[in-house]
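Peer 1: To start, I am sharing the structure in question, which I have written as structure tokens.
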């Protein structure tokens, strides 16, 4: 048993753990025990404690949770024609859970680099979160936006983490 001292002593790790807890609590039915998610939560806390980048750990665990919940996204093929991703940037359509070639609903899409999308397509199959993830911040923002859409409610802990992790070279930093 551990009390996860590194999570408690590092603000970004704490925010990542809170963001995961927020998504997990919001996605599970109210007062419905879900013992199958206990192991996932314990594993997530262990990775928030040890991963070099808590944002990468959160991206990894949120992708795994999407898969567990039956919301796995198509990150490298178009939803409508299964066309492989060969252009960048690409539009990720929240309602259909994947990339689209043509944007019909600009409010329901996020424009993301192909590099971030390809990384997201691979991260869920890893045994542990990657220490480094090119375009990791961009990928994390997309995953949180997707969860925000799926849960149909704001995720303030996730937004606080994004604000804390904004790279200095990003607008608004």
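Peer 1: With respect to residue 68, determine if the residue is within 14 Å of the chain's Cα centre (by Cα) and over 23 Å from residue 6 (Cβ atoms).
Peer 2: Working: within 14 Å of the chain's Cα centre (by Cα): yes; over 23 Å from residue 6 (Cβ atoms): yes.
In short, yes.
Peer 1: Further, regarding this structure: Mind telling me which of the residues 144, 118 ends up being touching a residue at least 40 places away in the same chain (Cβ under 8 Å) and more than 11 Å from residue 55 (Cβ to Cβ)?
Peer 2: Testing whether each residue is touching a residue at least 40 places away in the same chain (Cβ under 8 Å) and more than 11 Å from residue 55 (Cβ to Cβ) leaves just 118.
Peer 1: Within segment 23-32, does at least one residue satisfy the condition of being in contact with a helix residue (DSSP H, G or I) (Cβ under 6 Å, 6 or more places away or on another chain), under 16 Å from residue 161 (Cβ atoms) and crowded, with 20+ Cβ neighbours inside 10 Å?
Peer 2: Taking every residue of segment 23-32 in turn, at least one turns out to be in contact with a helix residue (DSSP H, G or I) (Cβ under 6 Å, 6 or more places away or on another chain), under 16 Å from residue 161 (Cβ atoms) and crowded, with 20+ Cβ neighbours inside 10 Å.
Peer 1: Give the residues of segment 6-55 that are over 18 Å from the mean Cα position of the chain (by Cα), free of Cβ contacts under 8 Å to residues at least 12 places away in the same chain and assigned to a loop (DSSP other than H, G, I, E, B), sorted by residue number.
Peer 2: Within segment 6-55, 29, 30, 31, 32, 33, 34, 35 qualify.
A short reminder: the numbers here are calculations on the coordinates, not readings from a lab. Just so it is clear, the model here is predicted, and its values are computed rather than measured. Cβ coordinates were reconstructed from backbone atoms using ideal geometry, including for glycine residues, and neighbour counts include every protein chain displayed.
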